[in-house]
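Following: one structure in structure tokens, then a few remarks.
The values are calculated or read from the model by the stated rules, or taken from the named source; none is laboratory data. Just so you know, these numbers come straight off a predicted model, no measurement behind them. Glycine also receives a Cβ, built like all others from the backbone with ideal geometry; neighbour counts cover every protein chain displayed.
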Amino acid sequence: MRVNRRDNNLYKAFVIFTHIAILFVAFIMQTSIFPLITFLRSSPNLVLIIVFTYGLLYGENIGIIVGIVAGLLFDMYFDETFGVYVLIYSLIGYVNGSLNESFYGDSISLAMLLSIVNCFVFNIYIYIIHFLLRGRFNFLYCLFNIMLPNILFTLIITIIVYKFLYDYNVIKKGN
Amino acid sequence: MRNQQSRIFILLVVVLSVASITFSHYMPRLTVPIRNGFSFFVVPIQDRLNNFGKFFVSLFSDRRTLNETKNRITELEAEISRLNDTINTLRAESYENDRLRKLYNLSDEYAQYEKIACRVIAKESTDWFQVFKIDRGSRDGIKVDMNVLSDSGLCGIVTYVGYNYSTVRTIIDDESRVSAMTQHSLESCIVEGDVALYNTNRLKITNIKMSGTIVDGDRIVTSNISSKFLPNLLIGYAADISVNDNQLSKSGYCIPVTDFNNLTEVLVITKLKSDSMLDR
């Protein structure tokens, strides 16, 4: 009995480790690989996809936790005021987590819709904090040239990544 | 019940992160150890990845057609002979310059600055900023406000230094403003980045006096009155200079000599402008 429980704990630790590893790999790809590919007009927000997918699949609490970890990665890495990314990522995790009970996560169209909405919200947040507060009001230019390409690329990556994340997590849940 | 619990949870997170934003805004030093600890793990990974990524990128960027390359070669050959010609004239002038300088006892302002070569290891992942990270930090003697050069001219300025990395804000970033001047007529102006010009690879030139004789094609260099940039670093060339609507000043664009899309290696000048001010 005791051995069993220990095995169970080990397994749990392993599962948590793999989830963190997924997040970390996405973070590294987003910061070091995508931006160096020069022909990409915009680099997709992989970490955002992971945050809202985990929120959708596991509910509010896990959504917030994944959001905090993702936000911490960015806050520690970029030299802005500490907490800017934790705030937005955890909120996105929470809001998407609250959809967990009303929707089944298996439809790709829902994921696509959420990807568009989340990415839009994220971009607006960055715009407000870094541009609007400095008195730069060229919103329409930013919308068409920065936000829309970003949303589009993220959407394309969502179609690929969401299926993988969904299968991976649902199979694990089944076990 | 669970709903209530996660509502409290998110409220707590929001309050904590707002508190941390406020704290770190007023006391940025508090976050330095956390960031250094983190970058201690991440930077080596990114450094390795960078080599891998370069290989990946070269696969795509080497796909120029043979014809393009041939045309380019003939163009470049013509350019070389033209440049050789210029060098010869300039060499003669340089001798004369040296002689005159000795005559006037001028301090050698154009001396070669000491530089450190650095590799670009990461770029800001969104298109909002034109900021990148390099693989050298405080342990290599990098300090905030050091000027960064690409192989052709001014590229940016160091804004943050960690233990083994530093952040460089390029001059085309929306927050960047450089005090500049034209090289031949020494008229001062301000060169600033603009988010709307990222894709066109251009900068704005503002604050040109109405009486200024600046014309399209003038070399724009950093001015000697700038508090952060060393003097006479080439920024780019003036373009589309026009009179403002208020008829009081002129403005235009600057085409930078640095290609900001393909930065892989940069040079950091280890001399600070503020140091040279202390000397005097």
Which condition number in (1) surrounded by fewer than 23 Cβ atoms within 10 Å (Cβ to Cβ); (2) within 14 Å of chain A (Cβ to nearest Cβ) is the one that B:Thr182 fails?
(2)
Selection within the range B:165-179 - within 13 Å of chain A (Cβ to nearest Cβ) and part of a loop (DSSP other than H, G, I, E, B):
B:Tyr165, B:Asp173, B:Asp174, B:Glu175, B:Ser176
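Counting just the residues of the range B:185-202 that are part of a loop (DSSP other than H, G, I, E, B) and not acidic (Asp, Glu), which one comes out surrounded by the most Cβ atoms within 10 Å (Cβ to Cβ)?
Filtering the range B:185-202 for residues part of a loop (DSSP other than H, G, I, E, B) gives B:185-187, B:193-194, B:198-202.
Checking which are not acidic (Asp, Glu) leaves us with B:185-186, B:193, B:198-202.
Details: B:Ser185: 11, B:Leu186: 10, B:Gly193: 25, B:Tyr198: 21, B:Asn199: 12, B:Thr200: 11, B:Asn201: 14, B:Arg202: 20.
Per the criteria, the residue is B:Gly193.
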Qualifying residue in the range A:85-96 (condition: at pLDDT below 90 and among the hydrophobic types (A, V, I, L, M, F, W, C))
no
Among A:Ser90, A:Ser42, which is closer than 26 Å to B:Asn50 by Cβ, in contact (Cβ under 8 Å) with a residue 12 or more places away in the chain and among the polar types (S, T, N, Q)?
A:Ser42
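Could you please find all residues in the range B:123-140 being at pLDDT below 80 and in a loop (DSSP other than H, G, I, E, B)? Walk me through how you get there before you give the answer.
At the first step, the residues of the range B:123-140 found to be at pLDDT below 80 are B:123-129.
B:Glu124, B:Ser125, B:Thr126, B:Asp127, B:Trp128, B:Phe129 - these are the residues of the range B:123-140 that are at pLDDT below 80 and in a loop (DSSP other than H, G, I, E, B).
Does A:Asn150 qualify as being farther than 24 Å from A:Leu23 by Cβ, polar (S, T, N, Q), within 13 Å of chain B (Cβ to nearest Cβ) and surrounded by 13 or more Cβ atoms within 10 Å (Cβ to Cβ)? Can you show your working first?
Values: farther than 24 Å from A:Leu23 by Cβ: no; polar (S, T, N, Q): yes; within 13 Å of chain B (Cβ to nearest Cβ): yes; surrounded by 13 or more Cβ atoms within 10 Å (Cβ to Cβ): yes.
No.
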Helices (runs of 4 or more DSSP H) wholly in the range A:53-144 with at least 2 residues that are aliphatic (A, V, I, L, M) and farther than 21 Å from B:Phe132 by Cβ - which ones?
A:60-77, A:84-97, A:108-130
Pull up the range B:223-267, narrow it to residues that are β-branched (Val, Ile, Thr) and touching a residue at least 40 places away in the same chain (Cβ under 8 Å), then point me to the one that is farthest from B:Asp135 (Cα to Cα).
B:Ile225
Do we find a residue being crowded, with 23+ Cβ neighbours inside 10 Å, within 27 Å of B:Leu11 (Cβ to Cβ) and free of Cβ contacts under 8 Å to residues at least 40 places away in the same chain anywhere in the range A:104-121?
no
Looking for whichever is in contact with a helix residue (DSSP H, G or I) (Cβ under 9 Å, 6 or more places away or on another chain), buried (at least 18 other Cβ atoms within 10 Å of the Cβ) and either in contact (Cβ under 8 Å) with a residue 12 or more places away in the chain or farther than 24 Å from B:Lys273 by Cβ (or both) here; the options are B:Ile205, B:Ile171, B:Ile220, B:Ile214. Which one fits?
B:Ile171
